[in-house]
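The values are calculated or read from the model by the stated rules, or taken from the named source; none is laboratory data. On a predicted model such as this, the values are computed, not experimentally measured, just so you know. Note: ideal-geometry Cβ built from the backbone for every residue, glycine included; neighbour counts use all protein chains shown.
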Amino acid sequence: MKLYLIRHPKPEHADGVCYGRLDLSVDSAESARTLVEVRERIPPEIWQQAPIVTSPLARCANFANALAAPGTAQVADELIEMDFGTWEGRPWQAISREELDRWSLDLWTYRPGDGENAVSIAARWERWLERMRETKTTTVVAVTHAGVIRVALALAGRRRLDDLAQATIAFGSVHCIADADTAGPGSPWC
């Protein structure tokens, strides 16, 4: 199976804010520009055959539905961004240095804001991946978030688990993992 993981376009009013599961909107011009760029990065035949699956948050779902038009993207709750608990909606500068340092020292198991940790994201990712495998689909396009993509890259052996924060996941970026059902160190990439 091939997975094309797409990060949503840049949301409005997100600069400097921990927004995890906040349902922020995306400017329509930004979304249209990103749509053109993403369509060019993925081979045309993929758009004709692959299902498009999305996080339920509007910044992903609206973009995924534009990609799927005239069809509709399938919503997968497992693709939602990390829950940052009490950090949600707060400026990053308002979060104590001590809390940020604890998270940076233990990216895999620390629960920022008493929310979710990367282990939880990995469990969600594995559940979703198993569901996709059961469909016998050969290619899937998924619109999701930086946290989910970072964990997927780590589980595919492309990033160290303790190095999740170092993976740059730009808005509108496309990340392709091939043979995801045998993910692990050395997994082929598209």
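Counted as qualifying within region 1-94 are the helices (runs of 4 or more DSSP H) with 2 or more residues that are in contact with a helix residue (DSSP H, G or I) (Cβ under 8 Å, 6 or more places away or on another chain) and buried (at least 21 other Cβ atoms within 10 Å of the Cβ), namely 28-41, 58-68. Can you spot a residue in region 151-165 that is within 18 Å of ALA76 (Cα to Cα) and either modelled with pLDDT under 95 or charged (D, E, K, R) (or both)? Looking for residues that are within 18 Å of ALA76 (Cα to Cα) and either modelled with pLDDT under 95 or charged (D, E, K, R) (or both), one finds at least one in region 151-165, hence yes. Going through (1) touching a residue at least 60 places away in the same chain (Cβ under 8 Å); (2) in contact with a Lys or Arg (Cβ under 6 Å, 6 or more places away or on another chain) one by one, LEU24 falls short only on (1).
Out of curiosity, is THR109 at pLDDT 95 or above and either farther than 28 Å from GLU30 by Cβ or not in a helix (DSSP H, G or I) (or both)?
When the stated conditions are applied, THR109 does not pass them.
Annotation note: of GLU37, GLU45, the sole residue that is over 20 Å from TRP128 (Cα atoms) and in contact (Cβ under 8 Å) with a residue 40 or more places away in the chain is GLU37. Within region 61-114, being in contact (Cβ under 8 Å) with a residue 24 or more places away in the chain, more than 21 Å from GLU126 (Cα to Cα) and β-branched (Val, Ile, Thr) holds for THR86, ILE95.
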